[in-house]
Structures are given as C-alpha cells and as structure tokens.
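Take a look at the structure set out below.
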Amino acid sequence: MKESQHIEWKETWRNEYLIQETTQITPPITPPITPPITTPNQLVSLILAKPEISQKELSDALGLTRDGIKYHLTKMKRDGVIRHVGPARGGCWEVLK
C-alpha cells in the first residue's frame, strides 16, 4: 500500500492539533455563583424596608396576584421566617430569620 502524498500536511495538522491540546493547561474560569432571587427573598427585603406593608402593596411591587402573595406569606409563616404582629388591619410584619 502506497503512502499518502500529503505527509507534510498531516504532520503539520498533527503538530497544530497537539499544540492546541497542550496549551490549554488551566481550566476555564467560572464566574462566582450568585443565589437566585426568589419570591420569598424579595418579600423579606420588602418587609424589612417597610414592616407595615400590605398584601396589595406587595402584589403591586412584585407583579403577582394577591393570592400568590398570600400563598408565599402563609408558607413563610408556617416555616417560621416571618410573623404578623398586631391586628389584621394596621399590624406589621416581623422577619424572624
């Protein structure tokens, strides 16, 4: 079987391929991982800014329905993250964790 006439090209290609493989010694730099901005985190920041904030104001600020805000607040109260102090109208929120 005869050898290919493109030996020079094959050697050049092989050398370039090996050089590319060996120059990539360091792993690529990954950006730092930031925690996702979740609805409960947004609610906590809004409550810390204004403890007497209402569900209506929370729904307007986050663009959720009042039922969606009520769901998250109930879940956060059950998990012990927040609690409501005072009467239903006129009370304020307290962040526990």
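If Trp9 satisfies all but one of (1) modelled with pLDDT under 60; (2) surrounded by fewer than 10 Cβ atoms within 10 Å (Cβ to Cβ); (3) out of contact with any helix residue (DSSP H, G or I) (no Cβ under 8 Å at 6 or more places or on another chain), what's the number of the condition it fails?
Among (1) modelled with pLDDT under 60; (2) surrounded by fewer than 10 Cβ atoms within 10 Å (Cβ to Cβ); (3) out of contact with any helix residue (DSSP H, G or I) (no Cβ under 8 Å at 6 or more places or on another chain), Trp9 violates only (2).
Tell me whether region 81-88 contains one or more residues that are surrounded by 15 or more Cβ atoms within 10 Å (Cβ to Cβ), in a helix (DSSP H, G or I) and at negative phi.
In the first step, residues of region 81-88 are kept if they are surrounded by 15 or more Cβ atoms within 10 Å (Cβ to Cβ); the result is 81-82.
Add one more test, that the residue is in a helix (DSSP H, G or I), and what stays is none.
Scanning region 81-88, I find no residue that is surrounded by 15 or more Cβ atoms within 10 Å (Cβ to Cβ), in a helix (DSSP H, G or I) and at negative phi, so the answer is no.
What number of residues in region 30-61 are over 16 Å from His84 (Cα atoms) and either surrounded by 15 or more Cβ atoms within 10 Å (Cβ to Cβ) or over 19 Å from the mean Cα position of the chain (by Cα) (or both)? Steps first, answer last, please.
Filtering region 30-61 down to residues over 16 Å from His84 (Cα atoms) leaves 30-39, 41-42, 59-61.
Okay, now just the ones that are also either surrounded by 15 or more Cβ atoms within 10 Å (Cβ to Cβ) or over 19 Å from the mean Cα position of the chain (by Cα) (or both), so 39, 42, 59-61.
Here the count works out to 5.
The values are calculated or read from the model by the stated rules, or taken from the named source; none is laboratory data. Just so it is clear, the model here is predicted, and its values are computed rather than measured. With ideal geometry, Cβ positions are generated from the backbone for all residues, glycine too; neighbour counts draw on all protein chains shown.
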